[in-house]
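Below: one structure, written as structure tokens.
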Amino acid sequence: MSLRITDANRRWWVLGTMTGSLSMILIDQTVVSVALPTIQGDLDVSQTGLQWIVNAYLLSLAVLVALGGRIGDLLGNERTFRIGALVFVLASAGCGLAGGESEILVARAIQGVGAALMLPASGAIVMAAFGPKERGRAMGVYAGVSMVFLALGPLVGGLLTEGVSWRAVFYVNLPVGVAMLVAARVTMPRSAAPPPVGGKIDWPGVPLIVVGLGSLVLALMQSQAWGWGSAATIVLLCTAAVLLPLFVWWELRAPQPLIALRLFRSANFGADNGVLAAVQFALVGVSVFGAIWVQDVLGFGPVEAGLSLLPLTLPLLVMAPLAGRLYDLIGPRAPVSAGALVIAAALAWNAAMLEKLSYAWVVPGYVALGVGLGLVMTPASTDAMNVAAVRLRAQASGVTQTVRQVGGTIGMAVMGTIVAHVQTARITSWVEADPSTRGAQVPELEALIAQPDQLQDGGISPDLLEEVRHAVTDAIATSYWAAAGVLLVAAATAGLVLRRVRAADADG
């Protein structure tokens, strides 16, 4: 690509800018994870507050990204992107400057607001910059590179935390964000931007989706801490069960809906989003529990744990652009259904191999997982956007991102519940097999399950250490089997519903 911006290569400069911005958004979902213990010690953050340093960003992003898509349609995607990037950069500075728990939590939530504005706008901008025959290839670069940064987040966070400071995890967004703003200004001059759609925001619909979706996501996030039977969880789930159907009812009657639900009249749009939700269901769980397993069971450090995901990210980086070109040629059905099957097989392989307690045995599974992710993500995302009319692309992007965020949250809640249940059942069975000898070790067992990082400490009896390691491994393997089942359903859905040909431009 020429270093000089011309009309002939401008679209590739736009792609580079939007890919960089999406990478910044996604890496902030995972980069902070390994810095949390240091943040806790420096700012005296409570255990609950520590969890919400991650969740505050994810919750505001998940709840507001659909609204961000509608704002992009109304104000114009370029303007919305710039506003979101500015908010994101300022909030990142606030995170780095935070002197206490409340300050960093508020700043993280505002970061999510900025990301919710940027995310749907960036996808719509890429789609508008390329013609139908090149969109798969472009979206492959856009999705593939950014997903690599998502997976590399723990490694980057570990290097910055150990080498500089936990505050550098947030400060690094400042030069990157400013560069994205400058690049957006240069590559997308206002005179070349398509006019916004016009209209107004459906304000009655805003509290319905924000409170309804927020209640659902919050209940899922806190299900492990509160318990599924707790009053708080039940109230939140009931609130979501009332408000979300009410939102759908209202939107179907609103003259200018917040979300164009008619997008789901396209079988492809619904199937694409269903598969993407299933993939996110598995990916979040594998990223979190895979990192837990290599650290708590195998004894990897934070940087080593981040490096352990490289066998996943490198195939993804290669396959995503190739899958985009494949979509341009043959449409979504073959690559998406095949990719979902490969992901299911990879999850099943790792579920079976974890018991060997050796990282080498899970590497083939990670490689296959990267290949499968590349085959699914680009064609499904491109097809979902391609189905939408030009004026609805930001909304379509917002809906897709909402579905993915909720899918990931559901995956974390379900897989977390499975892990907790299997661990408890395994430990209970072990104690009951010899209650007179092992019963006295129950308090120590419970402490190890609550803080499995102590598995690498000395002073633990060998039989107790071995049992806890196997309990953690069995629990995570069981959650992988469940995720593999979800991906099998997604593969069947893709094979039965998606078209064999690439979606043409929608009318108007």
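Hey, any hits in the range 238-259 for a residue that's of a type outside the set (A, V, I, L, M, F, W, C), within 30 Å of Tyr327 (Cβ to Cβ), exposed (fewer than 15 other Cβ atoms within 10 Å of the Cβ) and without any contact (Cβ under 8 Å) to a residue 40 or more places away in the chain?
no
Looking at the range 260-276, which of its residues are surrounded by 15 or more Cβ atoms within 10 Å (Cβ to Cβ) and in contact (Cβ under 8 Å) with a residue 24 or more places away in the chain?
If the condition is that a residue be surrounded by 15 or more Cβ atoms within 10 Å (Cβ to Cβ) and in contact (Cβ under 8 Å) with a residue 24 or more places away in the chain, then Ala260, Leu263, Ser266, Asn268, Phe269, Gly270, Ala271, Asp272, Asn273, Gly274, Val275, Leu276 are the ones that fit.
Okay, residues lined up against (1) closer than 22 Å to Ala56 by Cβ; (2) out of contact with any helix residue (DSSP H, G or I) (no Cβ under 7 Å at 6 or more places or on another chain); (3) part of a loop (DSSP other than H, G, I, E, B); (4) among the charged types (D, E, K, R):
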| position | (1), (2), (3), (4) |
| --- | --- |
| Gly140 | no, no, no, no |
| Ala143 | no, no, no, no |
| Val148 | no, no, no, no |
| Ser165 | yes, yes, yes, no |
| Ile234 | no, yes, no, no |
| Thr239 | yes, no, no, no |
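Among the residues in the range 107-119, are any more than 19 Å from Ala396 (Cα to Cα) and over 17 Å from the mean Cα position of the chain (by Cα)?
Yes, the range 107-119 contains a residue that is more than 19 Å from Ala396 (Cα to Cα) and over 17 Å from the mean Cα position of the chain (by Cα).
Need at least 1 residues that are at pLDDT below 85, within 20 Å of Gln280 (Cβ to Cβ) and of a type outside the set (A, V, I, L, M, F, W, C) per element, so show me which helices (runs of 4 or more DSSP H) inside the range 7-109 make the cut, counting only ones lying wholly within it.
Passing ranges, in order: 10-30, 47-75.
Listed here are the residues, each with its yes/no results for (1) polar (S, T, N, Q); (2) closer than 25 Å to Val406 by Cα; (3) in contact with a helix residue (DSSP H, G or I) (Cβ under 7 Å, 6 or more places away or on another chain); (4) surrounded by 18 or more Cβ atoms within 10 Å (Cβ to Cβ).
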| site | (1), (2), (3), (4) |
| --- | --- |
| Arg4 | no, no, no, no |
| Val31 | no, yes, yes, yes |
| Gly69 | no, yes, yes, yes |
| Asn77 | yes, yes, yes, yes |
| Gly94 | no, no, yes, no |
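If Val297 passes every condition in (1) surrounded by fewer than 20 Cβ atoms within 10 Å (Cβ to Cβ); (2) of a type in the set (A, V, I, L, M, F, W, C); (3) within 25 Å of Asp474 (Cβ to Cβ) but one, which one does it miss?
Status for Val297: all satisfied but (1).
Does the range 365-373 contain any residue that is closer than 18 Å to Asp474 by Cα and not aromatic (Phe, Trp, Tyr)?
yes
Out of curiosity, is Gln405 surrounded by 24 or more Cβ atoms within 10 Å (Cβ to Cβ) and part of a helix (DSSP H, G or I)?
yes
Give me the pairs, please: first residue somewhere in the range 307-320 and in a helix (DSSP H, G or I), second residue anywhere and aromatic (Phe, Trp, Tyr) and modelled with pLDDT of 80 or more, beta-carbon distance under 8 Å, and either six or more positions apart or on two chains.
Within 8 Å, the pairs are Pro311/Tyr366; Leu312/Tyr366.
How many residues, within the range 83-93, are free of Cβ contacts under 8 Å to residues at least 24 places away in the same chain and within 15 Å of Ala168 (Cβ to Cβ)?
0
When Ala121 is evaluated against the numbered criteria (1) over 18 Å from Met180 (Cβ atoms); (2) touching an Asp or Glu at 6+ places or on another chain (Cβ under 9 Å), which criterion, by number, is the only one it fails?
Evaluating Ala121 over (1) over 18 Å from Met180 (Cβ atoms); (2) touching an Asp or Glu at 6+ places or on another chain (Cβ under 9 Å) leaves (1) as the failure.
Only one residue in Leu26, Leu22 is within 17 Å of Ala138 (Cα to Cα), in the same structural domain as Met118 (by TED's automatic domain parsing) and not basic (Lys, Arg). Which one?
Leu22
List every residue pair whose Cβ atoms sit under 8 Å apart, with the two residues 6 or more apart in sequence or on different chains, where the first one lies in the range 100-113 and is closer than 19 Å to Gln401 by Cα and the second, anywhere, is crowded, with 21+ Cβ neighbours inside 10 Å and of a type in the set (Val, Ile, Thr).
Arg108/Ile53
Among residues belonging to the range 115-147 that are β-branched (Val, Ile, Thr) and either at pLDDT 85 or above or buried (at least 24 other Cβ atoms within 10 Å of the Cβ) (or both), point out the one that is nearest to Pro335 (Cα to Cα).
Only one residue tops the list, namely Val126.
The values are calculated or read from the model by the stated rules, or taken from the named source; none is laboratory data. Because the structure is predicted, anything quoted here is derived from the model rather than measured. No Cβ is skipped: glycine too gets one built from the backbone with ideal geometry, and neighbour counts run over all protein chains shown.
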